[in-house]
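Written below as structure tokens is the structure these notes are about.
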Amino acid sequence: MSMILHPGASPSCAFCKGGGLEIKPVDELARAVPCRCLVVCPRCRGSGFAADPAGGRVQNRARCACSVITTRAGRFDAGRIPARYAHCTLSSFDLTSEAQVRVLGAVHGWYKARANLGDPEAIRRQRGVVLWGDVGRGKTHLLIALLRELALGEGATVRFVEFSHLIADLKSGFDRGDGGGDIVDPLVKVDVLAIDELGKGRATEWELTIVDELVSRRYNALRTVLATTNYEPTASTGVEAPNLAAPERRPALVDRVGDRVYSRLREMCDFVPVGGEDHRAATPARPRKPRTPRA
Ligand SMILES: [Zn+2]
Ligand SMILES: [Zn+2]
């Protein structure tokens, strides 16, 4: 579960490091596109199949690495990651505080543990992660970085969805008179679903019922859920909506997504706090560490 080298890429390429892909914003989405260093694959001459290294006969030809990479690029694209997050990787995460070092360690640890499981059934049973904390701490960056590793490193099918966009889509589906199935079904099927900004926006009881159906179906199918939220995974505070006049009285996650969705997520996921300084603040509190490029 690590980057495969493309036989037609240059291992010393600064853009793909031999993986043969670059992630670029294309229209609204981040896309995995062939790297500028690529030449016609010398191993399979572009057929996608190469002689078995064990010396197999022509009819026993195995899939070439270049063809596996093309499939994974398609899986990354199908994740529908917004263009503005095309730069997000684990190694490009800003480490401006101890808290950020800790959360990066936790996220790395989750991905490594998954890689070490090996067995696809065990991978399916791995608990997901909910990153929670105040805005501007890099939660979405980490979520996207994980999806990137999962699609390109593991070859998992992935999908990114923003909670308030999902709610808006359900709302317009309901107005058209459909039950939300067209929207929910593809989100049930992917190996890993990432829900950003869980609890953001006003959801009606009907919309939360559909979200509950989505989460429950994934739970029953043993499929991984990753999420971020600005709300704390504590007991209900009885506060329904954020209130600028009384910012200290904040809703808990359960107040925003309801009991059923919240308790299902607690069963399926580990909750990881994301602290540290606001990445969106105008000046960082201390100089940023130079980063070594990802190997
Ligand atoms: Zn390259
Ligand atoms: Zn090839």
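Just so you know, all these numbers are worked out from the coordinates, no wet-lab data involved. Predicted model, so just to flag it, every value in this text is computed and none were measured. Cβ: placed from backbone, ideal geometry, glycine included. Neighbour counts: every protein chain shown.
So how do 242-250, 62-70 stack up, highest first, on mean other-Cβ count within 10 Å?
In descending order of packing, they fall as 62-70, 242-250.
With labels modelled as points extended 7 Å from the Cα through the Cβ direction, what inter-label distance (nm, one decimal) is found for residue 63 paired with residue 80?
Here the modelled spin labels are 2.4 nm apart.
Could you give the DSSP H helices of the chain that reach 30 angstrom or more along their long axis (alpha carbon positions) and whose average Kyte-Doolittle hydropathy is no lower than 0.0?
In the chain, no H run is both long and hydrophobic enough.
Please work through the chain and write down the cysteines that have no neighbouring cysteine Cβ at a distance under 4.7 Å.
88, 269
Taking R0 as 51 Å, what's the FRET efficiency between residue 164 and residue 36 from their Cβ-Cβ distance, rounded to 0.05?
Working from the Cβ atoms, E equals 0.90.
Label residue 99 and residue 222 with points 7 Å out from Cα along Cα→Cβ: what is the distance between them in nm?
3.7 nm
What size of dipole, in debye to the nearest 20, comes out for segment 213-271 about its Cα centre when the only charges are +1 on Lys and Arg C-beta atoms and -1 on Asp and Glu C-beta atoms?
240 debye
May I ask for log10 I(q)/I(0) of segment 128-262 at q = 0.11, 0.12, 0.17 Å⁻¹, from a Debye sum over the Cα atoms as equal point scatterers with solvent left out?
-0.40, -0.48, -0.94
At 222 nm, what helix-only mean residue ellipticity would the chain give, in deg cm²/dmol to the nearest 500, using -39500 (n - 2.57) for each DSSP H run of four or more?
-11500 deg cm²/dmol
Compute the distance in nm between two label points, each set 7 Å from the Cα along the Cα-to-Cβ direction, one at residue 245 and one at residue 271.
Modelled inter-label distance: 2.8 nm.
Mind ordering 15-23, 3-11, 164-172 by average Cβ neighbours within 10 Å, highest first?
Final packing ranking: 15-23, 3-11, 164-172.
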